[in-house]
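Have a look at the structure below before the remarks.
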There are 2 protein chains.
Amino acid sequence: MRPYLRSGEVAERAGVNPQTLRYYERRGLIAEPRRSPGGHRAYPPETVALLNVIKAAQRLGFTLDEVADLIDTGRRGRSTPDLRARAVAKIAEVDARIADLTTVRGALDQVIRAGCDSLTDCTCPDCPLPQADLT
Amino acid sequence: MRPYLRSGEVAERAGVNPQTLRYYERRGLIAEPRRSPGGHRAYPPETVALLNVIKAAQRLGFTLDEVADLIDTGRRGRSTPDLRARAVAKIAEVDARIADLTTVRGALDQVIRAGCDSLTDCTCPDCPLPQADLT
DNA sequence: TTGCATCCGGTACCCGGGTACAGGCTTACC
DNA sequence: GGTAAGCCTGTACCCGGGTACCGGATGCAA
């Protein structure tokens, strides 16, 4: 007989929009909760913690699908190496993204240093715009 | 009496989907071209070059709205400092994004090194997951 | 002149992560 | 037992950058 929470309470405690709860339910991130006799959702308190976990994972760059998968994998088979492996793969993604942005940064820098004055009719010598990067 | 091009030809030369031409027209990136008597678009050949400029600007990280603005500003008043200023601002955006990603990378690294084994029930000591970043 | 490729306008859909609104029901408190 | 806050479902919309599909009209070549 735990103190079940209503959706608004869960949302507020987790710092999340109430609509987001239903959205996560649809996406399979949180389980369908019990219902009150009138049909209102009654959440166990752990849900708040789960939402915090989801937010933490999002901040780590995981998509909602990936988070759903991680939660799911953790729940069944407890396949230990999975989180590790996914974190390693995610680091590679992040590194690739950083490399892209670094290239872009360099190209912007060139544009500035060459003194480009127009996208369409730049008059600067050796204008870098036509090549502009390779992202 | 220049050799006007049909939309499919422009699209092919610029390496772009034909639908994208109409989309860019709607977005104000390319001007509405002349029409044939039957209503088909007849593009001047410069359009291909313009599309390449647009692609270059996109690779520099500018949004289509920003590109439209840059082209427009270049066409009228020839306000020289504008491209420079926008490139400087864009570098700041890129740097901020890189900083974010670097933070995320660090957090992922911590998760791996701490040996976290589950999003929801990690058993590692000093588990970094609850804090996980501040992006 | 006929046949096929292409183009037309309009509309709908895709990705990801939600948010908003409408119209009706339940719950909580006095 | 009244009233207001909160919840329900279903649906539509937002961002950015396009892509796809439809039925009908054109363009061009043989």
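How would B:32, A:9, B:93 rank on accessible area, largest to smallest, probe 1.4 Å?
Values: B:32 150, A:9 70, B:93 100 Å².
My answer, sorted largest first, is B:32, B:93, A:9.
Could you work out the longest stretch of chain A that avoids the trypsin sites (Lys or Arg not before Pro) located in DSSP loops with at most 15 other Cβ atoms within 10 Å?
Numbers: sites that count: A:6, A:76, A:78.
Segment A:7-75 is the longest.
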Quiz item: What residue among A:33, B:96, A:107 has its Cα farthest toward the positive end of the dipole of the protein assembly as shown, where the charges are +1 on Lys, Arg and -1 on Asp, Glu, each on the Cβ?
Solution: A:33
Practice problem: Would you mind working out the magnitude of the charge dipole of the protein assembly as shown relative to its Cα centre, with +1 at each Lys and Arg C-beta and -1 at each Asp and Glu C-beta, to the nearest 20 Debye? | Solution: 820 debye
Quiz prompt | Cα gyration tensor shape of region B:24-70, rounded if a/c is under 1.5, else prolate or oblate by comparing a/b with b/c | solution = prolate
Self-check item: For region A:80-135: Kirkwood Rh in Å [reciprocal of mean 1/r, alpha carbons]
Solution: 13.4 Å
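If you wrap a convex hull around the Cα atoms of the protein assembly as shown, how much volume per residue is inside, in Å³?
206 Å³
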Quiz item: Among all the lysines, which ones have a C-alpha under 20 Å from residue A:55's C-alpha, if same-chain residues fewer than 8 places away are not counted?
Solution: A:90
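Mind checking how much accessible area A and B bury in total, 1.4 Å probe, in Å² rounded to 100?
Working: alone 9770 and 9780 Å², together 15840 Å².
The summed interface area works out to 3700 Å².
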Quiz prompt | Copy-to-copy label separations for residue B:76, where each label sits 7 Å from Cα toward Cβ, in nm and ascending | solution = 6.1
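Whole number in Å², please: accessible area per residue of region B:11-60, 1.4 Å probe, ligands, DNA and RNA not counted.
Numbers: 2890 Å² over 50 residues.
With all protein chains present, region B:11-60 gives 58 Å² per residue.
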Quiz item: Hey, what D do you get for chain B in µm²/s if you plug the Kirkwood alpha-carbon radius into Stokes-Einstein at 10 °C and 1.306 mPa s?
Solution: 84 µm²/s
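Where in chain B are the DSSP H helices whose C-alpha atoms run 18 Å or more along the long axis and whose mean Kyte hydropathy is at least 0.0?
Helices meeting the span and hydropathy rule in chain B are B:46-59, B:81-114.
The values are calculated or read from the model by the stated rules, or taken from the named source; none is laboratory data. Nothing here was measured: the structure is a model prediction, and the numbers come from that model. Note that we place each Cβ from the backbone using ideal geometry, even for glycine, and neighbour counts take in every protein chain shown. With ligands, DNA and RNA removed, areas are computed over all heavy atoms of the protein, side chains included. Shrake-Rupley method; radii C 1.70, N 1.55, O 1.52, S 1.80 Å.
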